[in-house]
Amino acid sequence: MALVRAFFDGFERLAGIPQDDPGLRTDLLDTAMLRPLGVLTASMGFLMMSAAAVWFTRAHWAAVWLSIDILLLTARFVPALRAWRSQRRVPRRTACAILLAACAMFATFGLGCAASFLTGLEELRIASALATMGLLAGLATRWAALPRLATAMIVVVSAPMAVAIGLLSGFLAALFLVLVVGTAVLTLQNNKTLLALLAAERRALRLAETDVLTGLLNRSGLEAALDRHAGRAVSLLFLDMDRFKAVNDRYGHAAGDEVLVAIAGRLRLIFGTQPIARLGGDEFVAILFGDEAELVDQVVTAVCDAVAQPVRICGQQIAVGVGVSIGVASGMLAAGETAALLAGADAALYEAKRARAKADHPGGRRRARAAAIG
């Protein structure tokens with residue numbers, strides 16, 4: 001397994017696939033021809049060319065070429081179909097296997113087209129030239145996410161044809177090579193454009209899921225985080241600041257914003273990489289997954305202690321204090337039950353608020369637990 005992993009890691013580095021950003025790597029691979037329909041339609045030109053060579057020449061090399069094409073198409077199509085049926089993104093290793101089979105198909109295609117051109121048959125010469133240029137154009141666009149691999153395949157595909165054309169005419173070979181170089185340059189330019197588009201898309205998504213004031217998740221970001229963790233044990237903490245309205249009324253909204261930013265920073269220190277969201281106003285939601293969900297009581301205590309610490313506002317000149325009421329909902333997070341879990345935590349928060357009317361706990365330590373979800 002270690003050898004296989006090392007092989008695929010090496011292939012990705014050679015292909016120019018980013019290793020330090022899994023999200024970008026997945027997005028880039030998704031732009032390549034990895035889905036069944038894409039694999040099938042992209043391979044039709046290969047099969048038509050090799051089949052034409054068999055039809056016009058009746059030669060053994062043409063039959064071998066067609067057989068190899070069918071085998072390599074199967075090697076690309078079957079894993080793509082399996083991934084598509086699972087209704088998820090193509091796994092990393094499956095994507096690399098499909099790309100490797102495609103590289104082998106490109107190599108045989110370049111050799112087959114050159115052999116077809118050298119037959120001297122006018123139909124095969126025209127067909128092989130058109131098919132080669134079509135493949136080069138496809139590499140410049142559909143494989144722009146993989147600049148090193150795409151450029152290498154452009155060389156592999158075009159080199160045999162350049163030799164074959166050169167045997168006919170030096171001028172035509174020079175013209176062909178100019179077109180090949182232009183295609184390689186276009187591939188690199190398309191890669192820069194693609195990276196810029198993906199970066200812009202990721203920034204837009206991040207902004208759409210981020211609370212502008214605190215930098216925490218907003219409601220959309222919270223729902224997306226919960227959806228990504230469906231099927232896991234989870235505890236959801238619904239937090240509502242106490243006495244926050246008094247700070248707003250006395251010192252103004254700018255001071256209230258300072259308090260919210262300070263509280264958000266304290267929550268980050270407590271929850272670390274676990275998702276935290278501000279739903280609006282002075283309401284926050286934090287999520288605990290897996291083993292950490294079992295530590296909810298300790299976490300609630302830590303949150304109450306942190307929030308109870310004074311917050312200095314108005315240029316550090318004034319110290320104000322707020323408290324917090326916490327509702328907790330725990331259970332297994334099933335797909336599509338995000339709203340139910342949020343409603344459970346909200347109900348528990350309401351119970352915590354109602355408990356305040358009977359007994360006001362020191363330091364704003366008010367919490368209630370909802371019935372388990374799932």
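The values are calculated or read from the model by the stated rules, or taken from the named source; none is laboratory data. Fair warning: this is a prediction, and the values are worked out from it, not measured in the lab. Don't worry about glycine lacking a Cβ; one is built from the backbone with ideal geometry, like all the others, and counts go over all protein chains shown. The accessibility values were calculated without ligands, DNA or RNA, using every heavy atom of the protein model including side chains. Shrake-Rupley method; radii C 1.70, N 1.55, O 1.52, S 1.80 Å.
A few notes on this one:
- Residues of the range 25-83 satisfying the condition of being of a type in the set (D, E, K, R), closer than 24 Å to ARG148 by Cα and at pLDDT below 85: ARG25, ASP27, ASP30, ARG35
- Some residue of the range 124-142 being out of contact with any Ser or Thr (no Cβ under 8 Å at 6 or more places or on another chain), more than 18 Å from ALA159 (Cβ to Cβ) and not in a helix (DSSP H, G or I): no
Residues are listed down the side, and each one gets a yes or a no for (1) without any contact (Cβ under 8 Å) to a residue 60 or more places away in the chain; (2) open to solvent by less than 30 Å² (accessible area, probe 1.4 Å); (3) of a type in the set (Val, Ile, Thr):
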| residue | (1), (2), (3) |
| --- | --- |
| VAL185 | yes, no, yes |
| GLN189 | yes, no, no |
| LEU194 | no, no, no |
| ALA200 | yes, no, no |
| LEU205 | yes, no, no |
| THR214 | no, yes, yes |
| LEU217 | no, no, no |
| GLU223 | no, no, no |
| ASP227 | no, no, no |
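- Matching residues, the range 155-183, being open to solvent by less than 80 Å² (accessible area, probe 1.4 Å) and either more than 23 Å from MET105 (Cα to Cα) or of a type in the set (Ser, Thr, Tyr) (or both): SER158, GLY166, SER169, GLY170, LEU172, ALA173, ALA174, THR183
- Selected residue [touching a residue at least 24 places away in the same chain (Cβ under 8 Å), in contact with a Pro (Cβ under 6 Å, 6 or more places away or on another chain), open to solvent by less than 60 Å² (accessible area, probe 1.4 Å) and hydrophobic (A, V, I, L, M, F, W, C)] from LEU99, LEU72, LEU81, LEU139: LEU81
- Check on ALA159, farther than 30 Å from GLU258 by Cα, modelled with pLDDT of 95 or more, in a helix (DSSP H, G or I) and small (Gly, Ala, Ser): yes
- The criterion of being among the polar types (S, T, N, Q) and at pLDDT 90 or above holds for GLN309.
- Scanning the range 58-69 for residues being open to solvent by 40 Å² or more (accessible area, probe 1.4 Å) and assigned to a helix (DSSP H, G or I) gives a total of 7.
- For GLU294, the test of being open to solvent by 60 Å² or more (accessible area, probe 1.4 Å), over 27 Å from the mean Cα position of the chain (by Cα) and at pLDDT 90 or above is failed.
- Checking each residue in the range 212-233 for being touching a Ser or Thr at 6+ places or on another chain (Cβ under 7 Å) and over 21 Å from VAL261 (Cβ atoms) picks out GLU223, LEU226, ASP227.
- Some residue of the range 222-240 being at pLDDT below 90, more than 31 Å from the chain's Cα centre (by Cα) and under 30 Å from ALA306 (Cα atoms): yes
- Summed over the range 312-324, residues that are out of contact with any Phe, Trp or Tyr (no Cβ under 8 Å at 6 or more places or on another chain) and surrounded by fewer than 20 Cβ atoms within 10 Å (Cβ to Cβ) total 6.
- Filter result (in contact with a strand residue (DSSP E or B) (Cβ under 6 Å, 6 or more places away or on another chain) and open to solvent by 30 Å² or more (accessible area, probe 1.4 Å)) within the range 263-278: ARG278
- Only one of LEU188, LEU194, LEU213, LEU217 that is modelled with pLDDT of 90 or more, closer than 30 Å to GLY134 by Cβ and of a type outside the set (Asp, Glu): LEU188
- Members of the range 26-57 found to be of a type in the set (Ser, Thr, Tyr) and either in contact with a helix residue (DSSP H, G or I) (Cβ under 8 Å, 6 or more places away or on another chain) or open to solvent by less than 70 Å² (accessible area, probe 1.4 Å) (or both), listed by number: THR26, THR31, SER43, SER50, THR57
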